[in-house]
Structures are given as structure tokens and as C-alpha cells.
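Just so it is clear, none of the values below were taken in a lab; they were calculated from the coordinates. Computed from a prediction, not measured in an experiment: that's the story for all the values here. Note: ideal-geometry Cβ built from the backbone for every residue, glycine included; neighbour counts use all protein chains shown.
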Amino acid sequence: KKDGSRINTVGADYEGILVKNSDGIDLRAGCHDIVIDGVTGFCEDDCVALTCLRGKLEKEFLSKDADYAIRNVTVRNVRADSLCSLVRLLAQDGCKMSGIVVDDVEDVGDGKTYQTGYARYGVRLGDAYLYGRRQAAAGEVTDITIRNVRSRAWECAVLLAGVANNVVIENVTALPECPKAVEDLRLFAE
């Protein structure tokens, strides 16, 4: 508040929310050769997001000839809680994503913090929704490894959606609060 006092930004009925969309770490188009390690805490959106889009923000900071790809990124040792996903991987609008490793992700939600009490997804690759002009096409999202995920998410521990090829999923545990370990909704292009 303007008087310097703090408002609890999380409530069962969203009373007092200051910011409803706030990723913890968000790598945007053009990021490569990065290791993200040791993420903890709570985020009101995604804790770690790799969002490879050609939106207004990207157009302001990258030239139209820039390499928009996100590649060679490792996300590991995540102990967090969120409203959306602990780790989010999204590429649309012809942007490419490859060489991504997500390893050792644990949902530490206590079931009391907000709304449903847990994140919606542990790790979310792709999306059924359109954030840009088009979904990823065959060959644009490749070589993704997701392993060692333990989640209490209310939808599923790992969601695969859209088009993604050469995806390796290993050692995913749906904790008792989570209805399923992996949901594969990918569209396989010819």
C-alpha cells in the first residue's frame, strides 16, 4: 500500500491481490546456454517460464532478424509453489525451442495457500491455447527432457500439449493430491 504496509497477496478469494500475473523467472525469445538452479518460493503465475513468442515485448527488444530460439537451457533443483506451473515451456509463432532439460522439480505447496491449494501443473510443455498467431509446428519444439518431478498439482504433474518432438519423460511422481502423473495431449504432425 502507499502507506508502506504490506497486503497479503494470496487469499482463498483473491481479496487483496496486488499482482495476479507474476512469473518468478521468465526467459524470453533469444535466450540460450543458461542454467537455472535452486529456485524456491511462491509465484502467482509460473515459477520458471521459458516463453518463446514473437509478441510486442520481443519486437521492442529484438530486431526482426534476431534468433528468437530458446536453446540449451537447464532448469534444476526447483522447490516451489505457484498458482499455475512450477516450470513452463512454451513456444509459438514459429519460434524454436530445443535442448531443454528440466530436472528435479518438487511441488512444496501446503494445500492451504490459495484457491485450490496447489499449482495447476508441475511442469507444462506446450499449450492448447493460442498466445500468438499460431502454435508450434513440427520441428520447432525438440529435444526436451523432463525428469525427477514430484508434484501435488491439481491437474497433473506433467502436461504435454501442442506439438513437441523428441521428448523424454522420466521419473514423474504424482503425490497423493495430484490425480495423474503425465497427461499427453500433444498433436503429432506428419
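Data table
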| quantity | calculated |
| --- | --- |
| FRET efficiency for Y129 and N165, using Cβ-Cβ distance with R0 set to 25 Å, rounded to 0.05 | 0.80 |
| Using a Förster distance of 45 Å, the FRET efficiency for L175-V35 (Cβ separation, nearest 0.05) | 0.95 |
